[in-house]
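Coordinate-derived values only; no laboratory data. These figures come from a predicted structure and were not determined experimentally. Please note: Cβ atoms are built from the backbone with ideal geometry, for glycine as well, and neighbour counts cover all protein chains shown.
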Amino acid sequence: MAPVTTDRPSTPSRTAPSPVPSAAPIRQPARDILVRLQQVTKIYDNGCPALLNVNLQICKGDFLLITGPSGSGKSTLLKLLYGEERATQGEVWVNSVGLTDLRGNSLSKLRRQIGVVFQDYKLIPRRTVSENVALVLWAQGFTRKEVQRRLLPTLKMVGLQEKADCFPEQLSGGEQQRVSIARAVVNTPPILLADEPTGNLDPDNSGQVIKILKKLNSIGITVVVTTHDEQLVKMSEHPVMQIRNGKLFQVNRQSSRETVP
Ligand SMILES: Nc1ncnc2c1ncn2[C@@H]1O[C@H](COP(=O)(O)OP(=O)(O)O)[C@@H](O)[C@H]1O
Ligand SMILES: [Mg+2]
């Protein structure tokens, strides 16, 4: 099932297994829902409405693009998923855990299952590439051996094994973003959220970043990417949703026209 608003019929999955010839009726196996928003409204303390009655389901293995103009609510939606902000109304579940009252250790535990990538990378300037990536594992109590076991393959996956000892300022923007992706997935979280990951990059570097996100999706990580880059949306073969004025719409990709929410 592709990501759907909860009040819409589901569509067949890109990853659903092909039907096998058989005399018996064929049933699509139900796919696990990883993220669910039900009637979610977010109004910031200053009265600014960011999301209004949003319904959304994201299944395990999905790759979802969320588009929309600046200020439409994209970052707010992701912040609700990793517990940086709380819904004013409605319910948010990630991996069957409700976030409404989640605090302290329970919230930290959930966050370990969510990799996050930001537009501005957020790397630690005085730490090398290796250290920036390994810090996540050290903070989570991984053994030295386990850190070593994970580090190199993750840097290789983003094409940065040669830059392991460089500092962020010695890297291009595209390379820094690839470090931040490595950092986000080095502990193999089931879900990766990327908030405008290509926002500061030229088309070549954007392409590389998207290719890595797709590779991660192909090995089973559920990926949610926000972007206001129309080119990226046009080129995408993945489901696209659009936020406008805090409301979420499913986009008809063939004609790039919105459908009813
Ligand atoms: N911490 C905040 N306090 C008050 N208003 C905010 C805050 N963060 C975002 N907003 C407002 O919420 C709306 C949605 O913002 P945001 O989710 O950042 O949009 P986008 O990521 O699509 O640019 C905007 O009107 C923005 O000004
Ligand atoms: Mg934003």
With a ≥ b ≥ c the root eigenvalues of the C-alpha gyration tensor of segment 37-189, is it rounded (a/c under 1.5), prolate (a/b larger than b/c) or oblate?
prolate
For segment 68-157, the Cα-Cα pair-distance distribution in 10 Å bins from 0, as whole percents, is 13, 37, 32, 16, 2
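What full-extension length gain, to one decimal in nm, is calculated for SER172 and ASN245 as 0.36 nm per residue of separation minus the Cα-Cα distance? It would help to have the intermediate numbers written out before the result.
Details: separation 73, 0.36 × 73 = 26.28 nm, distance 3.40 nm.
Going from the current span to full extension adds 22.9 nm.
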Near LYS211, which aspartates and glutamates are there with a Cα under 13 Å away, not counting those fewer than 8 places off in the same chain?
GLU237
Kirkwood hydrodynamic radius for segment 169-230: how many Å is it when counted over pairs of different Cα atoms?
11.9
Between ASP62 and residues 5 or more places away or on another chain, the pairs with built amide H atoms under 5 Å apart involve VAL223
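For a quick check: sort ASP229, ASP101 by the number of other beta carbons within 10 angstrom, fewest at the front. Walk me through the numbers before you get to the answer.
Numbers: ASP229 18, ASP101 8.
Fewest-to-most Cβ neighbours within 10 Å comes out as ASP101, ASP229.
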So how far apart, in nm, are the two label points at ASP101 and ASP202 if each is 7 Å from Cα heading toward Cβ?
5.3
Cross-link partners among aspartates and glutamates for LYS163, C-alpha distance below 17 Å, same-chain residues fewer than 8 apart left out?
GLU131, GLU175
For SER70, placing the label point 7 angstrom along Cα-to-beta-carbon and taking segment 184-227, residues whose amide nitrogen sits under 19 Å are 195-203, 226-227
Subset of LYS145/LYS215; LYS74/LYS247; LYS60/LYS215; LYS74/LYS156; LYS74/LYS215; LYS109/LYS247 violating a 19 Å alpha-carbon distance limit:
LYS145/LYS215; LYS74/LYS156; LYS74/LYS215; LYS109/LYS247
